[in-house]
Amino acid sequence: VQLQASGGGLVQAGGSLRLSCEASGRTFRSNGMGWFRQTPGMELTVVSAINWSGARVYYADSVKGRFTISRDNAKNTVYLQMNDLKPEDTAVYYCAADRETYGLPTHRNGYDYWGQGTLVTVSS
């Protein structure tokens, strides 16, 4: 099983990026998926999560109203649209997938599969 995250880069404050995470090796159409981020010396924290159908989503308070999570089960892919980016959004972003079906984990302990991370840098 592999989760391939992409879409990170350097952007100015106020700009936008769209992260993608494509899964291979198995389907996750019945599983929750999420995005996390980490800065040096800090813990891995949840950014957003989405249940199998997309009907339920979760956002950290710090990104509500700016980030949107979505998924395309036919492509086995989850997305994170990030708008109005701020310097404090700078981090390595990781996607993750839950092995259990139909859940919506909002903590890293709820996830079993992890991507390699993609760096997002927001300049002021």
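Assuming charge only on the beta carbon of Lys and Arg (+1) and of Asp and Glu (-1), the dipole of region 80-124 about its Cα centre is about 60 debye to the nearest 20. Computed packing ranks the peptides 110-116, 77-83, 22-28 as 77-83, 110-116, 22-28, most packed first, by mean other Cβ atoms within 10 Å. Farthest towards the positive end of the charge dipole of the chain, among the residues LEU10, TRP114, ALA91, is the Cα of TRP114, using unit charges on the Cβ of Lys, Arg, Asp and Glu. Quote the relative contact order of the chain in percent (integer), defining contacts as alpha-carbon pairs under 8 Å separated by 6+ residues. This gives 37 percent for the chain. The charge dipole of region 1-98, taken about the Cα centre with unit charges on the Cβ atoms of Lys, Arg (+1) and Asp, Glu (-1), comes to about 280 debye, rounded to the nearest 20.
Only the coordinates and a few stated rules stand behind these numbers; no lab work does. As the structure is a prediction and not an experimental result, all values here were calculated from the model. Neighbour counts run over all protein chains shown; Cβ positions are idealised from the backbone, glycine included.
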